[in-house]
Amino acid sequence: MSQSMPEYARTRNYLDLMIELPWSNNTKDSLDIQAARTLLDNDHYAMEKLKRRVLEYLAVRQLKDSLKDPILCFVGPPGVGKTSVGRSIAKCLRREFHCIALAGVCDQSDIRGHRRTYVGSMPGRIINGLKTVAVNNPVFLLDEVDKLGMSWQGDPAAALLEVLDPEQNHSFTDHYLNVTFDLSQVLFIATANTTATIPTALLDRMEVVWVPGYTQEEKLEISNRHLIPHQLEHHGLSPQQLRIPPKTTNDIINRYTREAGVRSLERNIGAVCRAVAVKIAEVKAASPKLAMPIVIKNRDLKDILGIPFCDREVSERLTLPGVALGLVWTYLGGEILFVEASRTEGEGKLTLTGQLGNVMKESAHLAISWLRANSKHYKLTNMTGGSDPMEGTDIHLHFPTGAVTKNGPSAGVTIVTCLASLFSGRLVRSDVAMTGEITLRGSVLPVGCIKDKVLAAHRAGVKRVILPRRNEKDLDELPLKVRYDLDFVTADDLDQVLNAAFDGGFPGKEKKQEAKQQIKQ
Ligand code: ADP
C-alpha cells in the first residue's frame, strides 16, 4: 500500500495496537498476606474496616485463583484515601496499576471504542489502559463511577456492565479492535462518592465498602505519619530543614480546612513547604548560615495561608430565636446545616428557600402541622399572642449555603426545633446539633450515615448531639475520643428532642408530668 493512501495511517495504527496489546503477557501474582497487612498499615493510618475487607479479598484470591467475586467499590467523601488504597492493593499483589477516570464520561464509545469506519476512531479506555500497562492482569481502578454521564451517544454504564460481568468479560469486544479480548484476569476496583447516582444494575455487580471521614486526631496522625513526610520529599526539603509541630498542624486542621478527608489539609501543608522552600532559597543566597530547622508556629500561618476561613461560628449564629443546627450528609461527607426561620404578619403562608428537594419541603410541612397540633401543649404563639402559630403569620424557612441543593428526610427534627424556638421566642442551646426524620404523629425515625454526621458535629465544636433512638447502635462505630467528647441524647419522639434542645427543657414537660401524676392519683 502506498504511504500516501488515506488508509495507510489508519491500518498501520490498527496493526500497531494489535501487536502492542498484551495478549498473553502477564505478571505473576505474589501474595503474602502478612506482607500485605504490613504494607496497607504502613501506607494508611486508621480505616480499619476497609483494610480488613481488602485483606479478606486478597486472602480469598490467594486460595482460589479464578475468582468470580463482586467488584469492590469504595464509597466515601473525597480525600479519604480510596484511590490510594486501590494503588496499595496493586502493590500488594505486585500487579500493574491503572486508573480510569470516569467522571463526566457520557459516550459509550469511551468504554467500548469507536468503529473503525469513523474518521478519528480509536479504542476505548479499557483497551487503551491495557496497552499502557502492557500486561493482561493489571489492577484497574474505575474512579468516580457515580459521575458517569449519559447522552444520546449511548449509556457508558451499560458498556461497563459488560466489562465488569465475570460471565461476559472473558470475551470483551472493543468496537475498534473488533476482536475479543479476555478481561477475566483484570482486577477491577471502583470508587465513588455516593451510591445514589450509580445505576442500579451496575451497583448490583459491586460490593460497596463505605469509607467514612476522619476525626481530628486521625487527621493529625495521618499528617504526621504520611502527609508531612510526603510533602517534604515532594518539595525537596528534609525534616532537618522544616518542622511543623502538631500544634500548628492542629491549627491548620481546625481553621484552614473543613472537610471529611485530608486533601485540602495536604494542599495546605504543601503551601507551607513552598513558602519555606522560597525562604531557604532566598536567605541561603544572602547568608549561608540560616538557623535550621525552620519551625512553623501558629502565628506564621496567617502569613503563609492567609486569613483562616473557618473560625468556629456555631455559637455565634445561634443567638436569635428561630435558628437551629442540623446534621446532614452530602457526598462530601457529613456537614452541619443551619436552619433559620423568621415570621412576619401575613396570611399563614410558608416560604422555603435554599434549593430544597421535595422531601425537605414535605418535612417542613410536617413540622408545621405537628407544631400547630401541639401548640397549646407547648405554649406556642403567633405574632399577636394567639394560640395558632400560623394565624395571621407568614413563615420563612431558610437553609443557608443556598447554592447547594438539599434533599433528604433527616432535617425533620431540626426544622421542628427551629420553628419551636421561633414560636416560643426561646433560644436553642448553642452547642447542640441534631438529625432525625419525623412523622406526623411526632415520632422520630432513624436516618443513615450517623458516623459521618457525628464527626461533622465534632469538627464544628458541638457538644451535644440529638439522634433517633434506633440509631443508638451506630454510635459503636465512633472513635472513643469522639464518644467521650460528645453528649448523645437519643429520642423516640419530638418531645424528647425539644427537651434536649432547649436549656431547662421545653414547656410541656412539667405539664406532662402533672398529667401523669393526675392519672396516678
Ligand atoms: P480519594 O480517592 O478518596 O479522593 P485519595 O486516595 O486521592 O482520596 O487520597 C488523597 C490523599 O490523602 C492521598 O495523598 C493519600 O495518600 C492521603 N490519605 C488519605 N487517607 C489516608 C490515610 N488513612 N493514611 C495516609 N494517607 C492518606
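Tell me which of N42, P409, V186 sits at the most positive position along the dipole axis of the chain, charges placed on C-beta atoms (Lys, Arg +1; Asp, Glu -1).
Going by the Cα projections, it comes out as N42.
Spelling out what I want: for every residue of segment 431-443, take phi, set θ = phi - 60°, compute 6.51 cos²θ - 1.76 cosθ + 1.60 (Karplus), and round to whole Hz; glycine and proline get x.
10, 10, 10, 8, 8, x, 8, 10, 10, 5, 8, x, 7
Determine the percent antiparallel among the DSSP beta bridges restricted to segment 337-480, to the nearest 5.
Bridges in segment 337-480 that DSSP calls antiparallel: roughly 50 percent.
Hey, what angle do you get for helix 412-424 against the long axis of the chain, alpha-carbon based, 0 to 90 degrees rounded to 10?
Helix 412-424 sits at roughly 30 degrees to that axis.
Which order do I19, I71 fall in if you start with the one that has the fewest other Cβ atoms within 10 Å?
Listing I19, I71 from fewest to most nearby Cβ atoms yields I19, I71.
Could you tell me which chymotrypsin sites (Phe, Trp or Tyr not before Pro) in segment 127-199 are loop residues by DSSP with no more than 14 other beta carbons within 10 angstrom of their beta carbon?
Those that pass, being in a loop and sparsely packed, are W152.
Give me the Kirkwood hydrodynamic radius of the chain, using the inverse of the mean 1/r over all pairs of distinct Cα atoms, in Å to one decimal.
Mean inverse Cα-Cα distance, inverted, gives 26.8 Å.
Using 0.36 nm times the number of residues separating K49 and S171, minus their current alpha carbon distance, what extension gain do you get?
Gain on extension, K49 to S171, equals 40.5 nm.
Run the simple label-point estimate for K279 and T194 please: 7 Å along Cα→C-beta, distance reported in nm.
The modelled label-to-label distance comes out at 4.2 nm.
Tell me the trypsin sites (Lys or Arg not before Pro) within segment 219-303 that lie in a loop according to DSSP and have at most 16 other beta-carbon atoms within 10 Å.
K289, K297
Order of T439, T117, T393 from fewest to most other C-beta atoms within 10 Å?
Fewest-to-most ranking of T439, T117, T393: T117, T439, T393.
Find the relative contact order for the chain and round it to a whole percent, using C-alpha pairs within less than 8 Å whose residues are 6+ positions apart.
Taking the mean separation of contacting Cα pairs over the length of the chain, I get 12 percent.
Test of understanding: ordering E144, E477, E7 by Cβ neighbours within 10 Å, fewest first, what list do you get?
E7, E477, E144
To the nearest 0.05, how large is the calculated FRET efficiency for M1 and T117 if R₀ is 25 Å and r is the Cβ-Cβ distance?
The computed FRET efficiency comes out at 0.90.
How high is the FRET efficiency from M18 to N224, r the C-beta distance, R0 56 Å, rounded to 0.05?
0.65
How much length would be gained if the chain were fully extended between F309 and V359, taking 0.36 nm per residue of separation minus their Cα-Cα distance, in nm to one decimal?
14.8 nm
Step through the table entries K361/K463; K51/K82; K51/K147; K302/K463, compare each Cα-Cα distance with 21 Å, and write down the pairs that go over it.
Check vs 21 Å cut-off fails for K361/K463; K51/K147; K302/K463.
Treating the angle as unsigned and between 0 and 90°, give the value, to the nearest 10°, between the Cα long axis of helix 82-93 and the longest Cα principal axis of the chain.
Helix 82-93 sits at roughly 40 degrees to that axis.
Quick note: the coordinates plus some simple rules give every number you see, no bench work behind them. What you see is a predicted model; the values in this text were computed from it and never measured. Don't worry about glycine lacking a Cβ; one is built from the backbone with ideal geometry, like all the others, and counts go over all protein chains shown.
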